[in-house]
Amino acid sequence: MAIIMTRLQVVDFDAFKPMFDKDTPGVRQAASGYRLYRGVEDPNEVYIQVEFDSADDANAGRDKLLASGVLEHWADRTGPTVVEVEETVVY
């Protein structure tokens, strides 16, 4: 499994969420799932985790996301970065 991880500092989460739900770039069409996180101290700090079956699919999704220009809405962002799960421990 490979994942695209992105962090955004949005101005207003309630305005951001409908835009996220549209998935205008179509990145999540090839995804196997996603998680959307919000900061506890700052609920306008958003973390997005989009899961793919392979690194090739995740890299294609990342390229599609970057080419769309949608991330240019947020100057304060990190990623998108493609990562693979190294280790998982559940207690």
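The values are calculated or read from the model by the stated rules, or taken from the named source; none is laboratory data. Keep in mind the model is a prediction, meaning the values are calculated, not measured. Quick reminder, even Gly has a Cβ in these numbers, built from the backbone with ideal geometry, and neighbours come from all protein chains shown. Quick note on the areas: whole protein, heavy atoms, side chains included, nothing else; ligands and nucleic acids left out. Shrake-Rupley method; radii C 1.70, N 1.55, O 1.52, S 1.80 Å.
Some values worked out for this structure:
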{"item": "Summed side-chain charge close to THR88 - residues other than THR88 whose Cβ falls under 15 Å, Lys, Arg +1, Asp, Glu -1", "result": "-3"}
{"item": "Å² of accessible area per residue within the chain, as computed with a 1.4 Å probe and no ligands counted", "result": "65 Å²"}
{"item": "Structure-based [θ]222 nm, the chain - -39500 (n - 2.57) summed over DSSP H runs of at least 4, per residue, nearest 500", "result": "-8000 deg cm²/dmol"}
{"item": "Sequence-separation-based contact order of the chain, relative, with Cα cut under 8 Å and 6+ spacing, percent", "result": "46 percent"}
{"item": "Carbon and sulfur %, accessible surface of the chain computed with the full protein complex present, 1.4 Å", "result": "49 percent"}
{"item": "Karplus 3J(HN,Hα) series, Hz, for the stretch 16-25 with 6.51 cos²θ - 1.76 cosθ + 1.60 (x for Gly, Pro)", "result": "5, 4, x, 5, 4, 4, 5, 6, 3, x"}
{"item": "Rg and Dmax of the chain, Cα atoms only, in Å", "result": "13.1, 40"}
{"item": "Shape category assigned to the stretch 30-73 from the gyration tensor of Cα positions, a/c cut at 1.5", "result": "oblate"}
{"item": "Value of relative contact order over the stretch 12-53, rounded to a whole percent, pairs C-alpha under 8 Å and six or more apart", "result": "37 percent"}
